[in-house]
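Beneath this line is the structure, given in structure tokens, with notes to follow.
FYI, it's all coordinate maths here, none of it is from the lab. All of these numbers come straight from a predicted model, not from anything done at the bench. Methodologically, a virtual Cβ is constructed for each residue, glycine included, from the backbone with ideal geometry; neighbour enumeration extends over all protein chains shown.
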Ligand code: DX5
Ligand code: ZN
């Protein structure tokens, strides 16, 4: 069944514990780390991940939107991340490979992320060793943006590569996902749906999570 990963970017950071509690029905918790360089926005860093880890047992899916992420892998692993995603556009291939090796050494699940401009084939050099590929369906940087339907082609292409080279690999779709497109995203091959505003903007976040699962789920 499809996993739902609410993004705390849409939470109230002064009431983070309360807002994490509101999405406890979800499968994973998506944590958006932004450095003001790789993306124009600045969000949260290592100390916040550490604090979140102390307050929840949820699986922490940490999306690093930072330049040269290999510099920070050790720190985020120690802080308690369960999975880290690094953007392929954020460094040279050799340094992306270093970042993935550091995740492996720390026993954390490994993912690469693709901006909308990046082609599906860019995952190929890494795919066999990955636990997840993250396909962005908005330009990374902000929550609440409009879903880019043209990215469904990339999702389908990544799905085909995963089926061929590493069928156990998860495929996460992030950006503008909600009730209007969850079914299409799932049909294109996603196994994890990130949802920020669609969950936190709903009157009842647990219900919104259930509805997304039903939209995306089989049958
Ligand atoms: C955007 C982030 C997303 C975002 C999702 O750069 O990576 O995770 O928070 O939020 P929504 O679902 O509102 O687009
Ligand atoms: Zn994200």
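Observations
- Using the Cβ-Cβ distance between residue 204 and residue 50 with R0 set to 25 Å, the FRET efficiency works out to roughly 0.25.
- Relative contact order of the chain, pairs being alpha-carbon contacts under 8 Å that are 6 or more residues apart, as %: 21
- Three semi-axes of the equivalent ellipsoid, the stretch 121-219, Cα gyration tensor, whole Å, largest first: 24, 15, 11
- Whole-angstrom gap from the stretch 125-158 to the stretch 43-89, using each part's C-alpha centre: 19
- For the chain, the antiparallel share of DSSP beta bridges with both residues in that region comes to about 5%.
- At q = 0.12, 0.15, 0.16 Å⁻¹, base-10 log of I(q)/I(0) for the chain (Debye sum, equal scatterers on each alpha carbon): -0.56, -0.91, -1.05
- Neighbour counts of other Cβ atoms within 10 Å put 170, 104 in the fewest-to-most order 104, 170.
- Residues 10, 24, 85, sorted so that the one with the fewest Cβ neighbours within 10 Å comes first: 24, 10, 85
- Contact order normalised by residue count of the stretch 164-219, Cα under 8 Å, 6+ apart, percent: 38
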